[in-house]
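These notes concern the structure reproduced below.
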Amino acid sequence: MLTPEENDILTRVGPDRPMGRLMRQHWTPVCLVEEVAEPDCKPLRVEILGESYVAFRDTKGRVGLLDELCPHRRASLVFGRNEECGLRCLYHGWKMDVDGNVVAMSSEPEGSPLMNKVKARAYSVREWGGFVWAWLGDKERMPEFDPPAFAPAADTPVSILKIRVPANWAQIHEGQIDSAHSSSLHSSDMKPARVEGASADDKAWYRPSTDKAPRMQTETTSYGFHYAAIRKPIKNAGTHHYLRITEYVAPYYSLIPPNNNYRVASVIVPINDVETAFHFIAWGGPNVPSTEEWRRFNHAVPGEDVDHKWRPKRNLDNDFLQDREAMKAGNFTGVKGIPNQDIVMWVSMGPIVDRTSDVLGASDLAIVEFRRLMVDAARKVAEGGRAIGTEERRVPQAHIASREGVYSKEIDWRTLVDASRPIAAE
C-alpha cells in the first residue's frame, strides 16, 4: 500500500505536478496518425496530461500541434478552418501555420505590426509507429526522437486499437504489467494448451501452462524495470520453467510477451487525472493482423464498440454489457475482448484507486516495483533531477524486448534480456 501523499504523487499529471513534469521530459504520443490522416482535415482536439491542444495536417501534409485556444481572444481553434497551409480561427480570422506563426489577421488593418509580434505556441512533432509524438516540455531540453521499442524501424508493421478509459493512468499500467491476472480474468481467451510457446490464432491466445500462481522476480533498469513471471509448464515441469518476461519502459508503455505470430505492447497516456488514452498494439512478427482485424479480435471496433471519440460503449451504466448467460455456459467474465475485460476491472476501482488500503500478495511484486519506481522517479524530478530514462548512456528503446518460452530451470531469465543489440524488424 501507499501513503496518501505517495498515491497523489503517482497519479496526478498536471504541469505543476511531479509526475506531470516527469512525463513532459519524454516524447509523448498525443494522437494516432489516422486521426489527422489527410491534408486540410478536420482539426483534432488533443487532450493530454491535463491540457488541451489542437492537431491538424496542413495543405502540404505537415502535422502541427498548437495550444487549443487562439492567442487573440482565446476561442477554440478546434472549430477553425484548416486551409491553405494554416488553421484559421472562426472568430476574427486570425490564421496560424504549423510553426505557430500568425500568417493572417483578417480583423486588423493591412500592414499591421501586430502580426510580427504575436505567435501561437507550437510544439515539435514526429510521426512514427502509427502515432503523432510531441515534445511538450522545455524546448531547450528537447532530445532527438528515439523510436519506441514497438516500432524500431519506420516500416515495422504496427496495428493499434484505442480506447478512452475513465480511470487514472497508473491503475491501467498496473493492470498491463500484472502477469498473474491473465490466468483468471482472461482465462477464456488465453487458454492452456500443449504448445511449445505462446501461440495465437483469430480465436484465442494459447500458453504452455496451467499454472495460475506464477512466482515473480523483478530487476530495475535505466528505463524502468523488467520482471519474469515463472510458471510450471505443461511438459517437463520437473526440469523446466515457463517464463514470461515483461518490460516497462517509463513512463508510457509496456512490452508484453509475444506469441508465434506477433509481438504485443500497450501505450498508456494520461488524458487528465481521471481519464486515460489506452492503446493496445500488435507489431513485428511473421503474421501481424491488420488494424481492422486487430480491433475486431479485441472487440474495439470504432462505431461498434467505441464511439467517434474512442469512448467505450460498454460502461458502468450498462454493466459493461456483461453476459451472465455466457458465464453460466463457461465463459469466465461474460465480457468479449481482452482489453474490455481489463477495462471492467480498471473502471470498477473508481477514477483513482485508493492504494492506502489495498492488500498485496506475492504475485503483486511487479505492482510494488512500479509504484516504488515511479514515486521515487517523480520525487527526483520535483527536486530538480532528470526524469527516469533520460540520463546519459541510456539504452536505446529499439534494443528493449519482452520474452517468453519454456527454458531449463538452470537458466537465469536475466540472461535472456539482452539490451546490447536492436530488435530485428520482421
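The values are calculated or read from the model by the stated rules, or taken from the named source; none is laboratory data. Quantities reported herein were computed from a predicted structural model and do not represent experimental measurements. Don't worry about glycine lacking a Cβ; one is built from the backbone with ideal geometry, like all the others, and counts go over all protein chains shown. Note: areas computed on protein heavy atoms with side chains; ligands, DNA, RNA excluded. Shrake-Rupley method; radii C 1.70, N 1.55, O 1.52, S 1.80 Å.
Annotations for the structure displayed:
- Of the helices (runs of 4 or more DSSP H) entirely within segment 311-400, those holding at least 1 residues that are within 19 Å of the chain's Cα centre (by Cα) and of a type in the set (Val, Ile, Thr) occupy 338-348, 365-382.
- Filter result (part of a loop (DSSP other than H, G, I, E, B) and within 16 Å of residue 161 (Cα to Cα)) within segment 252-274: 252, 262
- Strands (runs of 3 or more DSSP E) wholly inside segment 51-141 that include at least 2 residues being open to solvent by less than 10 Å² (accessible area, probe 1.4 Å), within 27 Å of residue 273 (Cα to Cα) and aromatic (Phe, Trp, Tyr): 51-57
- Qualifying residues in segment 285-306 (those that are closer than 23 Å to residue 151 by Cα and free of Cβ contacts under 8 Å to residues at least 12 places away in the same chain) - the one surrounded by the most Cβ atoms within 10 Å (Cβ to Cβ): 296
- A single member of 356, 333, 390 is touching a residue at least 40 places away in the same chain (Cβ under 8 Å), polar (S, T, N, Q) and loosely packed, with under 15 Cβ neighbours inside 10 Å, and it is 356.
- Condition broken by residue 221, with the remaining ones in (1) open to solvent by 10 Å² or more (accessible area, probe 1.4 Å); (2) of a type in the set (S, T, N, Q); (3) more than 21 Å from residue 415 (Cβ to Cβ) satisfied: (3)
The rows are residues; the columns are (1) polar (S, T, N, Q); (2) more than 20 Å from the chain's Cα centre (by Cα); (3) on the phi > 0 side of the Ramachandran plot; (4) open to solvent by 30 Å² or more (accessible area, probe 1.4 Å).
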site: 173; (1), (2), (3), (4): no, no, no, no
site: 177; (1), (2), (3), (4): no, no, no, no
site: 195; (1), (2), (3), (4): no, yes, no, yes
site: 204; (1), (2), (3), (4): no, yes, no, no
site: 215; (1), (2), (3), (4): no, yes, no, yes
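- Matching entry among 362, 398, 366, 326 (being small (Gly, Ala, Ser) and more than 30 Å from residue 188 (Cα to Cα)): 398
- Set 149, 167, 153: member being part of a loop (DSSP other than H, G, I, E, B), farther than 18 Å from residue 250 by Cβ and under 15 Å from the mean Cα position of the chain (by Cα): 167
- Listed conditions (1) farther than 17 Å from residue 373 by Cα; (2) in a loop (DSSP other than H, G, I, E, B); (3) out of contact with any Gly (no Cβ under 9 Å at 6 or more places or on another chain) are all met by residue 197, apart from (3).
- Scanning segment 18-32 for residues that are open to solvent by less than 10 Å² (accessible area, probe 1.4 Å) and over 13 Å from the mean Cα position of the chain (by Cα) yields 19, 20, 22.
- Of all residues making up segment 1-16, the number that are within 15 Å of residue 168 (Cβ to Cβ) and open to solvent by 90 Å² or more (accessible area, probe 1.4 Å): 1
- Among (1) out of contact with any Phe, Trp or Tyr (no Cβ under 9 Å at 6 or more places or on another chain); (2) of a type in the set (Asp, Glu); (3) within 22 Å of residue 302 (Cβ to Cβ) - the single one residue 58 does not satisfy: (3)
- Pairs linking a residue in segment 134-154 that is over 29 Å from residue 285 (Cβ atoms) to a residue that is open to solvent by 30 Å² or more (accessible area, probe 1.4 Å), with Cβ atoms under 6 Å and 6 or more positions apart or on different chains, are 135/124; 135/142; 137/25.
- Condition check for residue 181 on (1) open to solvent by 20 Å² or more (accessible area, probe 1.4 Å); (2) assigned to a loop (DSSP other than H, G, I, E, B); (3) within 30 Å of residue 369 (Cβ to Cβ): one failure, at (2).
- Residue satisfying all of: in segment 401-411; open to solvent by less than 80 Å² (accessible area, probe 1.4 Å) and in a loop (DSSP other than H, G, I, E, B); farthest from residue 223 (Cα to Cα) among these: 411
- Residue match in segment 260-276 (condition: among the β-branched types (Val, Ile, Thr), open to solvent by 10 Å² or more (accessible area, probe 1.4 Å) and out of contact with any Lys or Arg (no Cβ under 9 Å at 6 or more places or on another chain)): yes
- With respect to the conditions (1) modelled with pLDDT of 95 or more; (2) closer than 15 Å to residue 250 by Cβ, residue 328 lacks only one, and its number is (2).
- Selection from segment 259-279 of residues that are aromatic (Phe, Trp, Tyr) and within 23 Å of residue 352 (Cα to Cα): 278
- Scan of segment 55-84 for residues that are more than 24 Å from the chain's Cα centre (by Cα) and either on the phi > 0 side of the Ramachandran plot or among the aromatic types (Phe, Trp, Tyr) (or both), ordered by number: 61, 74, 79, 84
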